[in-house]
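As structure tokens, the structure follows; a few thoughts come after it.
The values are calculated or read from the model by the stated rules, or taken from the named source; none is laboratory data. These numbers were taken from a predicted model, which means no experiment stands behind them. Glycine also receives a Cβ, built like all others from the backbone with ideal geometry; neighbour counts cover every protein chain displayed.
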Amino acid sequence: MTKRAIILLVLLTVFSISVFAHAPSEIEARFDNDTKILSVLITHSVKDNSKHYTEEVKVELNGKEIIVQKFWYQDDNSKTDLKYKIQIAKPGDKIVIKAKCNISGVKTLTYTVPEPPKEESIEN
């Protein structure tokens, strides 16, 4: 093979991977102050969830990595739904969620733990 043919083959391979691979498109998060459960929904639409999937999810609390979860497939061709108990999280804390595609790309969400809803008092 000539040098030009090898370069062309490498470029075509890199281009084809970048066309078909993509980072997760969206991360949604919700924290329940009563149960201390962080619910995470990662949208990552794929054709074959055994070959192209969300490979890793990392969760940081106030800059400290507290969870790393790895996957070898995606349950669904469009999303991954996760729940994590974070007992020490409190209102105002920053949670960073990073979802990594097994082929290419990372999506990041920074989420602030909300204040719990205030109970309304009933006045007579």
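The table below lists the values:
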| read-out | value |
| --- | --- |
| Selected residue (criterion: surrounded by the most Cβ atoms within 10 Å (Cβ to Cβ)) from residues of the range 53-80 that are in a strand (DSSP E or B) and hydroxyl-bearing (Ser, Thr, Tyr) | THR54 |
| Among the residues listed as SER50, SER45, SER18, the single one being in a helix (DSSP H, G or I), at pLDDT below 95, of a type in the set (Gly, Ala, Ser) and closer than 25 Å to ASP75 by Cα | SER18 |
| Qualifying residue in the range 94-112 (condition: touching a strand residue (DSSP E or B) at 6+ places or on another chain (Cβ under 9 Å), under 17 Å from ALA23 (Cβ atoms) and of a type in the set (Phe, Trp, Tyr)) | no |
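Results for (1) loosely packed, with under 13 Cβ neighbours inside 10 Å; (2) under 11 Å from the mean Cα position of the chain (by Cα); (3) more than 15 Å from SER39 (Cβ to Cβ); (4) modelled with pLDDT of 95 or more, shown as yes or no for each residue.
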residue: LEU82; (1), (2), (3), (4): no, yes, no, yes
residue: GLN87; (1), (2), (3), (4): yes, no, yes, yes
residue: GLY92; (1), (2), (3), (4): yes, no, yes, yes
residue: ILE95; (1), (2), (3), (4): no, no, no, yes
residue: LYS100; (1), (2), (3), (4): no, yes, yes, yes
residue: THR108; (1), (2), (3), (4): no, yes, yes, yes
